[in-house]
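Shown next, in structure tokens, is the structure this report addresses.
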Amino acid sequence: MADPILELTDVRTHFPVHSGFVMRRETGSVKAVDGVTLSVERGEVLGLVGESGCGKSTLARTIMQLVPATSGTVVLNGRNLATCSPDEILGARRAMQMVFQDPYASLNPRLTVHATLAEPLRVHRLRRPEDVDARVTELMELVGLAPRFRRKYPHEFSGGQRQRIAIARALALEPKVIIADEPVSALDVSIQAQILNLLSQLRREMDLSLIFIAHDLSVVKHISDRIAVMYLGKIVELGPAVDVIERPRHPYTRALVSAIPTADPDVERTRQRIVLAGDPPSPLHPPEGCPFHPRCAYALEKCKAAVPPLIADTPGRVVACVRLDEI
Ligand code: SF4
């Protein structure tokens, strides 16, 4: 039975654009997130993929209440965050933590690992002062870091170790949901696998829900239960990870899947890559109708008439395309 911890309904995050020096007036808006509806179940990993600039990170920040939503609702554990008091928002941020792409930029270079992990425990009064040391040790062991490194600074660690510290800091507040925004993009391939395995293991052991954001489907396919594909601020396909990877339906998802390299050299030799023409349109001036139509090989006149709604396809999967029965 569905048991969502996080529910987003028609979430929009638009940034107004102003012009004029003396008489400043709003001349438009950047529709970074434009009507996203999705939910994350308890203990589920939802992969969120799309090209750079499609609105993934803005959506993550909107969920975290770091950027105010223009409209729509974000419900965490049954509470609508738009109606929460500042104290309640603080509590919600504790229940949802973020892991960022660049662990070096997200860690304070002046704090040792111990200070980095102890700080949230003290600020949120999660442990008595005499118990902080033991909890720091526990957190370091949880992410595979030797506690003897607790007095070291971020610059003394490798990229992968720094990301482990960032994950430990996120876990310090015992969150229910972790939003990992491109957590392995800045790491070497071998280290990427270690961090992905670590996140999978933590999710199983701690019953965490995870939103895993990446621009590359090959990164999310191993870790995700479901995958949501985002294009120009909208979800264009959402479904079980296996279905999305093995039988992509939306033309944009097909292009993303075709870019996934395979380990088998024979398959790799015959892999037909779908190369999309041009760049994604500007979210300041999105195209009429289907936002993907300027780059879609299947586009017809009717695709320009209206924004295609997400319609049910196979069980658990929705796709936003008016030509789904024809292509
Ligand atoms: Fe392509 Fe038309 Fe489907 Fe959009 S609605 S993805 S343009 S076929």
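Nothing in this text is a laboratory measurement; each read-out follows from the coordinates by a stated rule. No experiment lies behind these values; they were computed from the predicted model shown. Ideal geometry is used to build each Cβ from the backbone, glycine not excepted, and the neighbour counts take in all protein chains shown.
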message: From zero outward in steps of 20 Å, how is the percent of C-alpha pairs of the chain spread across the bins?
response: 29, 55, 15, 0
- request: Work out, step by step, the length gained on full extension between Arg125 and Val189: first 0.36 nm times the residue separation, then minus their alpha carbon distance; give nm to one decimal.
  value: 19.3 nm
message: Treating only the Cβ of Lys, Arg, Asp and Glu as charged (+1, +1, -1, -1), what charge dipole size does region 183-278 show about its Cα centre? Round to the nearest 20 debye.
response: 340
query: Over region 1-127, what is the mean sequence separation of C-alpha contacts under 8 Å (at least six apart), divided by residue count, expressed as relative contact order in percent?
result: 25
task: Take the Cα of Tyr104, step 7 Å along the line toward its Cβ, and report every residue of region 175-193 whose backbone nitrogen sits under 17 Å from that point.
output: 183-189, 191-192
- prompt: What is the distance, in nm, between label points placed 7 Å from the Cα along the Cα-to-Cβ direction at Arg135 and at Ser218?
  reply: 4.1
field: FRET efficiency, Asp266 to Ile327 (Cβ-Cβ, R0 41 Å, nearest 0.05)
entry: 0.90
- request: Mind checking which of Val33, Met23, Pro4 is farthest towards the positive end of region 1-47's charge dipole, using Cβ charges of +1 (Lys, Arg) and -1 (Asp, Glu) about the Cα centre?
  value: Met23
statement: For region 291-327, listing trypsin sites (Lys or Arg not before Pro) in a DSSP loop whose Cβ sees at most 16 other Cβ atoms within 10 Å gives Arg323
- prompt: How would you rank 104-111, 41-48, 22-29, highest first, on the average number of other Cβ atoms within 10 Å across their residues?
  reply: 41-48, 104-111, 22-29
task: Would you grab the residues whose amide H sits under 5 Å from the one on Ile235? Only those 5+ places off in sequence or on another chain, please, with H modelled 1.01 Å from N.
output: Thr37
- prompt: Given +1 on the Cβ of Lys and Arg, -1 on the Cβ of Asp and Glu, and no further charges, what dipole in debye does the chain carry about its Cα centre, rounded to the nearest 20?
  reply: 740
field: Folded to 0 to 90 degrees: helix 113-123 orientation relative to the chain principal axis, Cα
entry: 90
statement: If amide H atoms are modeled at 1.01 Å from N in the peptide plane, then the residues at a separation of 5 or more from Glu41, or on another chain, having amide H under 5 Å from its own are Ile5
query: Got the relative contact order for the chain handy, in percent, Cα pairs under 8 Å and 6 or more residues apart?
result: 19
message: Quick check: the angle from helix 132-142's long axis to the longest principal axis of the chain, C-alpha only, nearest 10 degrees?
response: 50
task: Mind running the shape call on region 222-318? Use the C-alpha gyration tensor, a ≥ b ≥ c as the square roots of the eigenvalues: rounded below 1.5 for a/c, prolate if a/b tops b/c, oblate otherwise.
output: oblate
query: Between region 246-275 and region 49-82, what is the C-alpha centre distance in whole Å?
result: 30
- request: Just the number, please: percent antiparallel of the DSSP beta bridges in the chain, rounded to the nearest 5.
  value: 60
Note, ³J(HN,Hα) from phi for region 65-81, Karplus 6.51, -1.76, 1.60, rounded to Hz, x at Gly and Pro: 6, 7, 10, x, 6, 6, 7, x, 10, 10, 10, 10, 6, x, 9, 6, 5
